[in-house]
Amino acid sequence: FSPEKSEISGAIGSSLFRLSANYIFIKQNDITAIDFGEREELYTFFDTRLSKYWSLSGSHRQNLGKNGGAIRSSIGIEYEDECFIFGLDVAEDNTEDRDFQSGFSIILRFTLKTIGEVRLSSSVGVDN
């Protein structure tokens, strides 16, 4: 018996500071070999409350395979009160697909809690 997929997750902390991690391994088989091949990744995330209204978060996804490396790293800051949420996220993506180019992205989020959300983003791609 050989498992096709293994996943383990864990989290620790409180509302003031939370740290979590997720490990995944997907064994290559006839179905996944076409799209993904074998995959082994580690995802880590933290979230901390800086004050009553401000919080800071960050995440990192790492490829642990043979040709491993950073997949995506991000950090964000958010202000939330009774009426609205304002957030700024900065990320670096190191993957490419036909519709997605690697590089840095900046996302500005504004949510009116009773109406909805508006997102503005800008990406800076890396030319190969």
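The values are calculated or read from the model by the stated rules, or taken from the named source; none is laboratory data. As the structure is a prediction and not an experimental result, all values here were calculated from the model. Remember, those area values only see protein heavy atoms, side chains included, never the ligands or the DNA or RNA. Shrake-Rupley method; radii C 1.70, N 1.55, O 1.52, S 1.80 Å.
Of the whole protein surface, TYR53 contributes about 70 Å² of accessible area at a 1.4 Å probe radius. Annotation: per residue accessible area for the range 11-111 equals 67 Å², rounded to a whole number [probe 1.4 Å, protein chains only]. The accessible area of LEU16, taken with all protein chains in place and a 1.4 Å probe, comes to roughly 110 Å².
On full extension, the segment bounded by LEU56 and SER9 gains 14.8 nm, given 0.36 nm per residue less the C-alpha separation.
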